[in-house]
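Presented below is the structure to which this report refers.
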Amino acid sequence: IEGRPAYVSRIVWEGGAITTGDLELRFNTRAGKLFRTSDFEADCNGLLALYESRGYPLAQCFLADVGVFPGGEADSLTLHLRADEGALFTLDEVRIEGAKETDTDFILREMRLRQGELYAPERIRAARDRLGRLLEQLQEGVIAVDREAVVVFANSRARLLLASPLEEGTPLPE
C-alpha cells in the first residue's frame, strides 16, 4: 500500500477551542483530495499557530489513528486528529526594564496590553511595533526598542518582559 496514491475520505477531529468548522476553513487536507504529507504537515503547523493565537501556546496536535482502505487505483484514508490544548494562558504581567527616565506607565499605555488579557503573540508583536513607531516619531526621549519581547509561561500565566529594551535619550517632557 505504501507509495500508492491515497485520497482522504474523512477527517475526525477532537479538539475543544478549535472547531471542525475552523479546521475545514484552514486545512488544505480535506475529504475528496489526494493526501499529501507536505500539505498535512503545513496544516498541522497552521493549527498549532491558531491554537497559540487563541491563548494555547503549548498545544499539541497529533494523528491518533489512520484508517487505510485499499481501493482499485488509489486507497482512501480516514484521519483521526486529536489535540492536547494544554492550559489557556493570560497575560499576567507586562514589565518594562531599562527605562530610567521614561515613565513606564506611558510605555505600557502606548503598548495597549492589559494584565489579564488572553495571551496572543500577534498582539505582543503589534504592541512592540506600535511602541517602536511611536518612539521614532517623538525624536527625543526614548529612541529605540532594541530587543524582542520575551514571554515566560508558568502556571497558566504568561509574563511579557521587555528586558533592557530601551535606549534612552533626552527624557520626555511631563
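Residues considered: T78, T104. Of these, the only one that is among the hydroxyl-bearing types (S, T, Y) and touching a residue at least 24 places away in the same chain (Cβ under 8 Å) is T78. The numbered conditions (1) in a strand (DSSP E or B); (2) of a type in the set (D, E); (3) within 22 Å of G116 (Cβ to Cβ) are all true for E52 except (1). Residue pairs whose Cβ atoms lie under 7 Å apart, sitting 6 or more positions apart in sequence or on different chains, and linking a residue in the range 19-37 that is outside any helix (DSSP H, G or I) and surrounded by 12 or more Cβ atoms within 10 Å (Cβ to Cβ) to a partner that is at pLDDT 90 or above and of a type in the set (D, E, K, R), are F27/D43; N28/D39; N28/D43; T29/D39; T29/D43; A31/R10.
For T104, the criteria (1) of a type in the set (S, T, Y); (2) open to solvent by 30 Å² or more (accessible area, probe 1.4 Å); (3) within 22 Å of E24 (Cβ to Cβ) hold in every case but one, which is (3).
Looking only at residues that are within 29 Å of Y56 (Cα to Cα) and open to solvent by less than 40 Å² (accessible area, probe 1.4 Å) in the range 127-153, which one is modelled with the highest pLDDT? In this case the residue turns out to be A127.
So that you can scan it fast, the table gives a plain yes or no per residue for (1) at pLDDT below 75; (2) part of a helix (DSSP H, G or I):
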| residue | (1), (2) |
| --- | --- |
| A87 | no, no |
| D92 | no, no |
| G98 | yes, no |
| R109 | no, yes |
| G116 | no, no |
| E122 | no, yes |
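The values are calculated or read from the model by the stated rules, or taken from the named source; none is laboratory data. On a predicted model such as this, the values are computed, not experimentally measured, just so you know. Reconstructed Cβ throughout: ideal geometry from the backbone, glycine too, with neighbour counts over all protein chains shown. With ligands, DNA and RNA removed, areas are computed over all heavy atoms of the protein, side chains included. Shrake-Rupley method; radii C 1.70, N 1.55, O 1.52, S 1.80 Å.
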